[in-house]
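Note sheet for the following structure.
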Amino acid sequence: MAKVLVLYYSSYGHIEAMAKAVAEGAESGGANVDIKRVPETAPQEVIEAAHFKTDHPYPVCDPMELPNYDAIIIGVPTRYGNMASQMQAFWDRTGPLWATGALIGKVGGAFASSATQHGGNEATLLSAHKTLLHHGLVVVGLPYSFAGQMNMDEIVGGSPYGATTMAKGDGSRMPSTIELDGARFQGKHIAEIAAKLTA
């Protein structure tokens, strides 16, 4: 049974909802799954002024825990087409793992959220992929066998690089049914690949 970590950062709960769906998918793929979050790095006055979500149901991850998993799926909101600084700061602490090749051969993937349909989700996924590739992970996206990402009847996230959602500029849009289905699909897909690689 593959061990999968869903590792996320969420300012307002959109990525947290997607993380839960990714974990559900990974569990349906036969994996043993943990959901953990990266530490908040924003100053308290910023957290309060921006009304960040602070009631997190999942524990904070220590970077040195990453080698315990066969697959690592990271969820992050976009900041100008890049990973949010909280997630980047977490990975900036993984130098000792990189130096020893501790994550080489594990499976990796990413999912993301932006404010708008063209707000940088794909660029953010690619920025996450670069980090995973530097650590030697085998990167897995969201294949077109998940047909929901090709829906043209409504605004919908998802790309071959990974599951995505759009939060709207005021954060009022939560992930849609199709987007959550895409997250579950990607979680299951990654779990199944991780199981094959660890068999």
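So the values come out like this:
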read-out: For residue 148, net neighbour charge (Lys/Arg +1, Asp/Glu -1) across residues whose Cβ lies under 10 Å away; value: -2
read-out: Segment residue 196-residue 117, length gained on full extension (0.36 nm per residue, minus Cα span); value: 25.0 nm
read-out: Radius 14 Å from Cβ of residue 182, net charge of other residues (Lys, Arg +1; Asp, Glu -1); value: -2
read-out: In the stretch 1-109, chymotrypsin sites (Phe, Trp or Tyr not before Pro) in a DSSP loop with at most 13 other beta-carbon atoms within 10 Å; value: 80
read-out: Gain in span if fully extended, residue 1 to residue 150, counting 0.36 nm per residue against the direct Cα distance; value: 50.5 nm
read-out: Dipole-positive endmost among 56, 194, 109 within the stretch 3-198 (Cβ charges, Cα centre); value: 194
read-out: Positive dipole terminus of the chain, leading residue within 165, 150, 47 (C-beta point charges); value: 150
read-out: Signed unit charges on C-beta, dipole axis of the chain, positive-most listed residue 13, 1, 88; value: 1
read-out: Correct option for volume of the Cα convex hull per residue in Å³ [calculated from the coordinates] among (1) 103; (2) 142; (3) 173; value: (1)
read-out: Environment charge of residue 71, counting only residues whose C-beta is closer than 12 Å and scoring Lys/Arg +1, Asp/Glu -1; value: +1
read-out: Only Lys, Arg (+1) and Asp, Glu (-1) charged, at Cβ; the stretch 1-40 dipole about Cα centre in debye; value: 80
read-out: Magnitude of the charge dipole, the chain, Cβ model with Lys/Arg +1 and Asp/Glu -1, debye to 20; value: 400
read-out: Computed FRET value (nearest 0.05) for residue 44 with residue 177, which takes r as the C-beta separation and R₀ as 35 Å; value: 0.50
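Just so you know, all these numbers are worked out from the coordinates, no wet-lab data involved. Since the model is a prediction, treat every value here as computed from it, not as a measurement. When we count neighbours, we look across all protein chains shown, and the Cβ atoms used for this are built from the backbone with ideal geometry, even at glycine.
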